[in-house]
Amino acid sequence: MLGIFRVQGTHASEGNPALASYERALRLLVGAELAMAVTLAACMGISYGKAASTYGVSYYGVHLDTLWILAIGFVATAYLLFRSARSIDLAEAPARVSLSLKVLAVGLIALLLTPYTVDTFFNWTHMIIGASVFGLQMAVGAVVAFKVLGDRLGWLGVLVELAGGVLAALSLPDHMLTYMLQGEIVFQVGFAILLNHLFASEIRRLGAARS
């Protein structure tokens, strides 16, 4: 996930709990996105080849030279995502956005604790967790794009998300492509576009209402 909006504090949030919650949530969200981006860049800098492309981000969790980087990055990202979700709970964010962030945070830790190379059970558990998290993100992304935002940037976000999901799905084991890593990254970029745009839109709306 990559941050696409510059986070700026506003004086309008004083005395407006909902606005302050969204501003805090956006700062934490961008922090989570940056933590994940740095983590992936570090892992790819150490090992990037056909195997990583084929097995995706999970590849870095089954090799000692990158496992510790991925573990630190996932824990930091999960912590920031969960705090971001908690921040918008008070603001009653639409479309189960808070739930999706909490599930994503828990999912990152669960994926880390179920390395797919251990045995068949771990492999299937890992895949089910990943598919469930992706499915929730896709569903929430579609609702945010078409029912909440309803603008071009929202539509772009869900299209990017869908493109990444299709690329990742076609790169599953025994399928025609080997671009799982790229598909996962594109998918999360699309989800980040949607969430950042949503939070920024809510901040503008609440700020305008305040003034």
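Miscellaneous remarks
- Look at (1) among the polar types (S, T, N, Q); (2) under 26 Å from Ala42 (Cα atoms); (3) part of a helix (DSSP H, G or I); (4) at pLDDT 95 or above and you find that Thr125 fails only one, number (2).
- Some residue of the stretch 147-156 being surrounded by fewer than 18 Cβ atoms within 10 Å (Cβ to Cβ) and within 24 Å of Gly56 (Cα to Cα): yes
- Qualifying residue in the stretch 39-47 (condition: at pLDDT below 95 and within 21 Å of Leu167 (Cβ to Cβ)): yes
- Any hit, the stretch 142-151, residues being part of a loop (DSSP other than H, G, I, E, B) and either among the polar types (S, T, N, Q) or under 19 Å from Phe191 (Cβ atoms) (or both): yes
- Among the residues of the stretch 185-211, just one is in contact with a helix residue (DSSP H, G or I) (Cβ under 8 Å, 6 or more places away or on another chain), part of a helix (DSSP H, G or I) and more than 22 Å from Leu28 (Cβ to Cβ), namely Val186.
The values are calculated or read from the model by the stated rules, or taken from the named source; none is laboratory data. These numbers come from a predicted model, not from an experiment. So basically every Cβ, Gly included, is an ideal-geometry build from the backbone, and we count neighbours across all protein chains shown.
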